[in-house]
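The values are calculated or read from the model by the stated rules, or taken from the named source; none is laboratory data. Remember, predicted model here, so these are calculated numbers, not experimental data. As a convention, Cβ positions derive from the backbone with ideal geometry for all residues, glycine included, and neighbour counts pool all protein chains shown. What goes into the accessible areas is simple: the full protein's heavy atoms, side chains included, and nothing from ligands, DNA or RNA. Shrake-Rupley method; radii C 1.70, N 1.55, O 1.52, S 1.80 Å.
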Amino acid sequence: MGLSSGDGAQLCVFDLRRGQQEGQELDKILFFHPADCPILLQLSVIGLCEGIITFSRIFSPDDDCEVIESENHSHVFYQAEADIWMVLVVEKNKDSELTWRCGALQGILKEVHSLFTMFYGPIRTLLDRQPSAELARGHLRTFVTDYLSDFSAGKKLQLPTFRDCLKERGTVQMLTISREVALEIQSLTTVLGSCLGNVMCQSLVLFGDLLVSTTLPPDDTLNLYTYAVLRLTPHALSSYANSWSYLRKGTSVHSVPTSSSSNGTASVERPLQREKLYKGKDGFVTADFATSEIRGAVPSAPILWFRQAEDRMHLCVYQHKNITILLLTPASSLINGDEGITHVKRHLLEHASQNIVTVEQKLSRGWGGENAYHVGGYRYLLVDPDRKVSRASPPGKVTTLSKDSLLSLNRQREEIDLEKSRAGRSDSCHDKDFEICIRAKNNSWVIAKVTRGRELYMALEKGGETLLYASTAVEKFSNRYCEGAFSTD
Amino acid sequence: MLQLPRAPRPIHLRLMVCTPPTPRALRLAFQQTPPPNALAECSRVLKKSGQMKLLHREKEPASVFEGNRKNVLLSGKMQGGLGSVGTLSHAYVQHPPLRCDIPDIRGIFYDDANKFLIAPTADRILYWKITPSTPAGPPNSDPINDGPVLSVRYSLDQKAIGIQRSNHEVEFRNRETGETCNKKWRVDSETLLGFFWTDCPTYDVIFVKTSGLDLLAYEPQSNALRLVDSKKFNVSWYLYTHESRLIVLASGMQCTLFTGYQWGCQIAKVEMTVSKSEANSKPVLAADDVHIVTVYGRIYCLQLDRVSMTLNMYRFYRDAVVHQGTLPTYSSRIAVSAVDNIIMVHQIDAKVVILYDIFMDSYAPISAPLPLLVRRLPSNNRQATQSSDNQSSAYGGTLYGEGWNFLNPDLVCDVENGLLWKLHLDLEAIAASTSDAPSVLEFLQRRKSDLSMVKTLSLAIVRTVILERRPITMVAKAMDVVLDSYSRLMKMGSDLPGVRRTSEQNLQSGVQPVVNPDSSSGDGNRPVQSNSGVEHGIANHTANVDRTLLNTSSDSDDITNASGGANQEMSGLQASDVAERKPLVVGKDSRPLASGTSMQHGTHVANVAVSPSEMFESVFVLVEDEMMGDPAYLVSIIMEFLRSVSKAGLKAPPNLYVMTTTLLAHSNRYPEIMLFVSNKILEPSKELAMQLMELGRQNSPTRKLGVDMLRERGLHQDYVSALLQDGYYLEALRYARKYKVITVPPALFLEEAVATNSAKNLAAVLSFFTEFVPTFKTTSDYARYRHILSEMI
């Protein structure tokens, strides 16, 4: 394909409804990373993708093409919206370090798209509103670039590899709390919900990088949670401060023609731009957009679009020590924009401060540290796709696994992904149970178990010799930590 | 025996009955004896000092009843009290009173130790037992010798009568033998001020003379008195209440030097000076101006300062007397009663009463100054209210008339007309007069009388604040109060011994332990009035709580601690008195009481306090329909309720969780159901699991939650049925085998297998049953499905 080696990965977004006339192919492209890639190369990548999409539709009209494996590259496809495709092209290498899992890469595409939609609404809507696509391109350029800056290592994109196989993108990590604390938090949620008087406000509460409570449906919770963990939690805010100069260099963001005021979609400029986010003295995390904008035209709180809520929402972020609170107020009930937000903020400070402090204290007291969810002897990942929740061994513990175990696990997950999508096609209303136990080269047990929709992956390196040992270990784990969800019936 | 004369009396109706609003009520009240501008004065002062806690009486009841008549009616009784009676009052006396207007009686006396109302005639003593309720029947009587009677007091075991014949002579009469013995003093040197019986182990009678105290032992066998001790002291006048066992001796030129004795046997080393009213004049303090009240087991002394029109309040500790504060007065004459630990300050000239609840350090009145009311028995309340004029016509005297004597702690005797009233609090009126629900609930939970009313009112108040959609924090506080008092009672019930031990440690004071041999026999009387026994329990506990509060707040020992257990003798007779007695007993010899009350305790708790499940049934169930329009509010309230419940260490009823999920599902908040189930806010139960599965028809993850809950709870059969319903028949079969669930018929599994049209699975299920159920081959199911299988192949 002529990709220059060492370039790492490419990510493109294109719209198949555009540029169908010969000579107008360029119009299809909505985004391409890296931006300095020659136009011809961009066109050839997209041309190939389009060809394969069209071709595979002949055989499989209902299901999208997911991946093309060529000798040197993998093309991972994701149809984000009807006829709007996102493709991630990754280079293959003899080096086994660069072993990916297709599902994990697709997860990146899904994530960036759903985050984008949360801030700007569907791409199609942007295109419909402004057929020249200038607006969509502008937003995509800044947003996706900002997003990818997290993956950039030097000039390359460092995408998740098999070493991340005990992580699940697109899920929420929850903090386990006692009932008493849960009730305390619920009472805080009640106070937060009443910030606007009659209209209920939604809220998310995070402790560190873990979700504590939410009033939103799983999809929206996931998006906001992802955003918070990427940019808003104390950890995210401080990691920028540490690597500030480095990131500055790494992300070459072109100055964007600000088009917000021209078309009336007053929304936040670059929600993923780290440099602009900071925690103010009043405890609110705000974006500093004051530079050249006329104040008032741009509300300082981002407006969010939600899939399941009809209304658009203003986001207001408050932080106290380890607690991050994401408060969402329906945009329609805030009549005078900034003033309304100020009111909400004041209400929060006046009525919820005390609750927040108590909740923070209780959570900090009960928090077991970063290895809180470590289970000795096990390296595991638990996923509940219904709730979009996962829990995994702490990363520090996962790194102790040998490469062989991780590679086997990665492989196994790929199998399970396939199996799941197959089962989903044949009978979508019934969960199918799977169980795979592999004895890896290094004699570790690698186990995957799917029961009633819930998934458990684990690697046991110091396991015994027999399969019986492995299944007893799973049974024990299931009974102690999963309320028997994975126990063999 | 004697018959009560029932001759019709002339009717002098001078009762103040008025309709709202308040000012008019007060105006009417003052029309009788007009103290110029007293009313304006009192409302002005109250307003200025910001002390009025309870306001807007005329507004509140309306809001209680409007809108939600269906659910919120407090009760028939309450309705009568709140809705239809147009009169304003927070305290009342109940009609009919005890009539003691027997001809040719020579005065009326009250023996507060025995709670006897005593009326001597020429040759007899007539007496009524006033506890627990005012009796209706004719009085008892005892023959006595002829002669003047200055005062009469029965001994605490009621075996002897002491009759003061003159300022120097007291006659003691053994009731069994009729023998008498006279105790005389020299006429010239000293005057007898009074005498009373005591339950001190070493003395039985205390004489108060101008020269000091004489402490004597009475021997009933020989009917003789033996002087044990005497204390020299100049006494101008004295005050004594049996309830507090406190003798206050006034001395000095102005009678402002007070000395307190308690038990006679121990001097409470107390000297207090009462503030002087004016610089030059030297007014003499009269006994009428000083009152002893016992509330919450603490002893207070209230002293009227006529010049500044204030009531100075002192609290008696064993080692000190501490000035607590001043209360305003609007009358030159006042009287003080204590009803259910509430201090009633009667402003006699103004004919109004002001109520104080001195529990915390707040001396604000809990009500506006309002008149006293005459009220019929609650049973025929409704008719009574219409004819309340006739009512009061039955009463021939004037409220706060000249003849009114206030008897300790809560009685009023109209000497002119020979009537005895008992003072009552109108709890519902007090409750209805304030909008601050948490503090009203606290107030109600501290009350010991009329417990069913307290409960009804408490529930009604919680219901009302929810229906009125008051701020959640306020509702939460209100529920906290109710549940706190419940959990406190539960705790007290379960580990009383612990309480006793701690209080014993607190009480290592120099009081001699007292074991009265008669105590058990005295206790024997108690079962007759089990109600009062129940009251003892509650008094006991709160008194304990009080005291622990006190002991931490003040270094001084509470004087009541010193009282020991000496007074068991009279226990059977005094319901309200026992309330004050309790803390003492706990500190000391509590055996008889412990045995007496421990049995009753369970029922007592059940009767009085509001348990979480009662809250559920009488509050949440009743408001649910009304709140369907705003389920979010009710859910928030329930969350706060759960928080209170868990904070108090109690359990919420499973049905509340069912209700919560229903409410959440109603507003499509399924994700939150999921969150609440996963963090156990909604505690797992079969009921909840079933409800989740039911709601899961609209939302499959919710159904899964329910099914999982069945498994986690080990409800094997239900779990298997649920799996079958969802079509997971192989999983169900596996589970059934593991947990040996044999109650689900094989046909259900087989039918599911047939439904999936898989010969392989059907064969598997068939072979499973043939293998594991020995008799399966003989059933018709076997043949039937065998046939189906053969056709499938």
Inset, instruction - Starting from segment B:169-192, take each residue that is under 14 Å from B:Lys159 (Cα atoms) and list its partners that are open to solvent by 80 Å² or more (accessible area, probe 1.4 Å) and modelled with pLDDT of 85 or more, counting only C-beta distances under 6 angstrom and pairs at least six apart or across chains. - result: B:Arg175/B:Lys159
Inset, instruction - Assess whether B:Tyr729 counts as being under 30 Å from B:Phe772 (Cα atoms), surrounded by 18 or more Cβ atoms within 10 Å (Cβ to Cβ) and more than 8 Å from chain A (Cβ to nearest Cβ). - result: yes
Inset, instruction - Could you tell me whether A:Val450 is among the aliphatic types (A, V, I, L, M) and either at positive phi or within 14 Å of another protein chain (Cβ to nearest Cβ) (or both)? - result: yes
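Here's a check for you: in segment B:754-785, which residue that is within 14 Å of chain A (Cβ to nearest Cβ) and small (Gly, Ala, Ser) is most open to solvent (accessible area, probe 1.4 Å)?
To start, the set of residues in segment B:754-785 that are within 14 Å of chain A (Cβ to nearest Cβ) comprises B:755-758, B:761, B:768.
Those still in the list that are small (Gly, Ala, Ser) too: B:755, B:758.
Numbers: B:Ala755: 79, B:Ser758: 26 Å².
Looking at the filtered set, the residue picked out is B:Ala755.
Under the condition of being of a type outside the set (A, V, I, L, M, F, W, C) and in contact (Cβ under 8 Å) with a residue 40 or more places away in the chain, which residue from segment B:637-654 is nearest to the other protein chains (Cβ to nearest Cβ)?
Out of the qualifying residues, it is B:Arg643.
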Inset, instruction - Please work out if B:Ala689 is in a loop (DSSP other than H, G, I, E, B), buried (at least 20 other Cβ atoms within 10 Å of the Cβ) and among the aliphatic types (A, V, I, L, M). - result: no
Inset, instruction - Inspect all residues belonging to segment B:171-185 and state whether any of them is modelled with pLDDT of 85 or more, buried (at least 21 other Cβ atoms within 10 Å of the Cβ), within 25 Å of B:Glu416 (Cβ to Cβ) and not basic (Lys, Arg). - result: no
Inset, instruction - Please enumerate the residues belonging to segment B:401-443 that are modelled with pLDDT under 80 and either open to solvent by less than 20 Å² (accessible area, probe 1.4 Å) or touching a His at 6+ places or on another chain (Cβ under 9 Å) (or both). - result: B:Gly401, B:Gly403, B:Asn408
Inset, instruction - Could you tell me which of the residues B:Pro701, B:Pro684, B:Pro671 is in contact with a strand residue (DSSP E or B) (Cβ under 8 Å, 6 or more places away or on another chain), within 12 Å of another protein chain (Cβ to nearest Cβ) and either part of a helix (DSSP H, G or I) or not aliphatic (A, V, I, L, M) (or both)? - result: B:Pro671
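On the basis of being touching a residue at least 12 places away in the same chain (Cβ under 8 Å) and under 30 Å from B:Asp726 (Cα atoms), does A:Lys441 make the cut? Show your work before the answer.
Values: touching a residue at least 12 places away in the same chain (Cβ under 8 Å): yes; under 30 Å from B:Asp726 (Cα atoms): no.
Against the criterion (touching a residue at least 12 places away in the same chain (Cβ under 8 Å) and under 30 Å from B:Asp726 (Cα atoms)), A:Lys441 does not qualify.
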Inset, instruction - For segment B:704-718, name all the residues that are at the interface with chain A (Cβ under 10 Å from one of its Cβ atoms), of a type outside the set (A, V, I, L, M), in a helix (DSSP H, G or I) and open to solvent by less than 40 Å² (accessible area, probe 1.4 Å). - result: B:Lys704, B:Asp708, B:Arg711
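Per-residue answers, yes or no, for (1) surrounded by 15 or more Cβ atoms within 10 Å (Cβ to Cβ); (2) assigned to a helix (DSSP H, G or I); (3) touching a Leu at 6+ places or on another chain (Cβ under 9 Å); (4) at pLDDT 90 or above:
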residue: A:Glu360; (1), (2), (3), (4): yes, yes, no, yes
residue: A:Gly376; (1), (2), (3), (4): no, no, no, no
residue: A:Arg387; (1), (2), (3), (4): yes, no, yes, no
residue: A:Gln412; (1), (2), (3), (4): yes, yes, no, yes
Legend entry - Output for segment B:655-668, where each listed residue is within 11 Å of chain A (Cβ to nearest Cβ) and open to solvent by 10 Å² or more (accessible area, probe 1.4 Å): B:Ser667, B:Asn668
Inset, instruction - Being at the interface with chain B (Cβ under 9 Å from one of its Cβ atoms) and touching a residue at least 40 places away in the same chain (Cβ under 8 Å) is the filter; apply it to segment A:183-193 and report the residue that is surrounded by the most Cβ atoms within 10 Å (Cβ to Cβ). - result: A:Ile185
Legend entry - Conditions (1) more than 14 Å from chain A (Cβ to nearest Cβ); (2) over 21 Å from B:Gly696 (Cβ atoms); (3) not acidic (Asp, Glu); number of the one not met by B:Arg737: (1)
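If a residue has to be open to solvent by 10 Å² or more (accessible area, probe 1.4 Å) and over 17 Å from B:Ser618 (Cβ atoms) to count, how many in segment B:444-457 make the cut?
Within segment B:444-457, the subset open to solvent by 10 Å² or more (accessible area, probe 1.4 Å) is B:445-446, B:448-453, B:455-456.
Within this subset, residues satisfying the condition of being over 17 Å from B:Ser618 (Cβ atoms) are B:446, B:448-450.
The qualifying residues number 4.
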Inset, instruction - Could you grab me the full set of residues in segment A:39-84 that are within 26 Å of A:Gln130 (Cα to Cα) and surrounded by fewer than 12 Cβ atoms within 10 Å (Cβ to Cβ)? - result: A:Ile39, A:Leu40, A:Ala82
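Kindly state which strands (runs of 3 or more DSSP E) lie completely within segment B:280-374 and contain at least 2 residues that are of a type outside the set (Lys, Arg), in contact (Cβ under 8 Å) with a residue 24 or more places away in the chain and open to solvent by less than 10 Å² (accessible area, probe 1.4 Å). Steps first, please.
On the way: elements: B:290-295, B:298-305, B:310-316, B:321-328, B:334-339, B:342-347, B:352-356.
It comes to B:290-295, B:298-305, B:310-316, B:334-339, B:342-347, B:352-356.
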Legend entry - Checking A:Leu196 against (1) without any contact (Cβ under 8 Å) to a residue 60 or more places away in the chain; (2) open to solvent by 10 Å² or more (accessible area, probe 1.4 Å); (3) within 14 Å of chain B (Cβ to nearest Cβ), the condition it does not meet: (1)
Legend entry - Close pairs from segment A:157-182: first more than 14 Å from chain B (Cβ to nearest Cβ), partner open to solvent by 30 Å² or more (accessible area, probe 1.4 Å) and aromatic (Phe, Trp, Tyr), Cβ under 9 Å, at least 6 apart: A:Leu159/A:Trp100; A:Pro160/A:Trp100; A:Thr161/A:Trp100; A:Phe162/A:Trp100
Legend entry - Matching residues in segment A:171-224 - criterion: being among the small types (Gly, Ala, Ser) and part of a strand (DSSP E or B): A:Ser203, A:Ser213
